[in-house]
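This report concerns only the one structure given below.
The values are calculated or read from the model by the stated rules, or taken from the named source; none is laboratory data. Here the structure is a predicted model, which is why all the values come from computation and not from measurement. Note that each Cβ is placed from the backbone with ideal geometry, even for glycine, and that neighbours are counted across all protein chains shown.
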Amino acid sequence: MSFEEFREMVAEMLDEIPQEFLRGLGGVHVLPEARVEPDYDDVYRMGEYLDPGAEDFLGAGEGLGRHVAIYYGSFVAIADGDPDFDWEDEAWETLTHELRHHVESLAGEDWLVQDDVERARDFPRRR
């Protein structure tokens, strides 16, 4: 799947998401690069929720706001080694996972972050 096709597919998926789940979100961005997890062997980050975090001591903190990044290159790298890779299912799972981070962040919760940390413990660490 080309970058353009992938980006269009994610945009169509985003159109299916109810607007209340997108409140306060600055955007969903499909980026061409792969995102390798630095502490692990052969682990790619497919998406990421970017939260501005708490205010700093000057009262700033919103910066560019809340965004979701989807890494096309990570999908390519994973699909390359998996003949059964389902682009649509994986993109939907990634998009909704990152949007759940957004909704939880707005609610002041981090359950999914805790779950992600727990799952990461099962990945083989780089030696």
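The single condition from (1) at pLDDT below 95; (2) more than 12 Å from the chain's Cα centre (by Cα); (3) under 26 Å from residue 18 (Cβ atoms) that residue 88 fails is (1).
Say we look at segment 63-76 and pick out the residues that are more than 26 Å from residue 24 (Cα to Cα) and of a type in the set (Gly, Ala, Ser); which of these is surrounded by the fewest Cβ atoms within 10 Å (Cβ to Cβ)? Taking the candidates together, the pick is 73. What about residue 112, is it outside any loop (DSSP other than H, G, I, E, B), touching a residue at least 12 places away in the same chain (Cβ under 8 Å) and within 13 Å of residue 13 (Cα to Cα)? Judged against the criteria, residue 112 is not a match. Among the conditions (1) surrounded by 11 or more Cβ atoms within 10 Å (Cβ to Cβ); (2) under 25 Å from residue 125 (Cα atoms), residue 51 misses just one, which is (2).
Restricting attention to segment 97-127 and to residues that are under 20 Å from residue 73 (Cβ atoms) and at pLDDT 85 or above, the residue that is nearest to the chain's Cα centre (by Cα) turns out to be 98. If you go through segment 77-91 and keep only what is out of contact with any Asp or Glu (no Cβ under 9 Å at 6 or more places or on another chain), surrounded by fewer than 16 Cβ atoms within 10 Å (Cβ to Cβ) and in a helix (DSSP H, G or I), you end up with 80, 88, 89. With respect to the conditions (1) in contact with a Gly (Cβ under 7 Å, 6 or more places away or on another chain); (2) at pLDDT below 95, residue 94 lacks only one, and its number is (2).
Name the residues in segment 25-76 that are among the small types (Gly, Ala, Ser), part of a loop (DSSP other than H, G, I, E, B) and modelled with pLDDT of 95 or more, would you? Correct list: 34 only.
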